[in-house]
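The numbers here are math on the coordinates, done by the rules we state, and not lab data. Values in this document were obtained by computation on a predicted structure and should not be read as measured data. Note that we place each Cβ from the backbone using ideal geometry, even for glycine, and neighbour counts take in every protein chain shown.
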Amino acid sequence: MPKETRDGALTIHHVQVAIPAGGEERARAFYGELLGFREVPKPANLRARGGIWFAAGALQLHLGVDMAFRPAEKAHVAYQVSGLRALRNRLTATGYEPVDDEPLAGYDRFYVNDPFGNRLELLEPA
C-alpha cells in the first residue's frame, strides 16, 4: 500500500533515470562530485544489474542501466538546489552547457544534460 502523508498525498521514494551500461563512474563524477548527491549502496541482489543509487534528503535517485539506452531529452527531473549560480559556474567550468528557458514565477532555473544526454532541471527559489 502506498505511503500517504497527513494530507493524503502520496510521497515519492525514488526516481529512476536510465543510463548506458558502464556509465557508473561518469554518474559518480556528475551526480556525486559535481551535484553533491550522496551515493547509497544498492541491495546485494540488485548489484549485478549495474547502475548506481544516490540520495538527497529523503529522495533517492536510481540510475539504472538500460541496454537499449536512449537519453531523455524532454522528460526530466527537476532538482531544487541552493547556490544555483555557483552550481551553474561549476557546470560550465567542467564542460556542461546550462540552457535557460522561459521564466518560472518564484524561481531561478536552467536545464543541463547529464553525461548521458538526459535532460535535468536545476532550480532555486528566487
In debye, nearest 20, what is the charge dipole magnitude of segment 14-125 about its Cα centre with +1 on Lys and Arg Cβ and -1 on Asp and Glu Cβ, if you could check? 400 debye
Taking the C-alpha atoms of segment 70-126, how large are the radius of gyration and the largest Cα-Cα span, Dmax, in Å? 11.0, 33
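Once the Cα gyration tensor of segment 27-82 is diagonalised, what are the square roots of 5 times its eigenvalues, in whole Å and ordered largest first, as equivalent ellipsoid semi-axes? All intermediate terms of the calculation are to be shown ahead of the outcome.
Values: eigenvalues 73, 56, 20 Å².
Semi-axes from the Cα gyration tensor: 19, 17, 10 Å.
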Extent of segment 14-125 along each principal axis, from alpha carbon coordinates, in Å, largest to smallest? 43, 28, 25
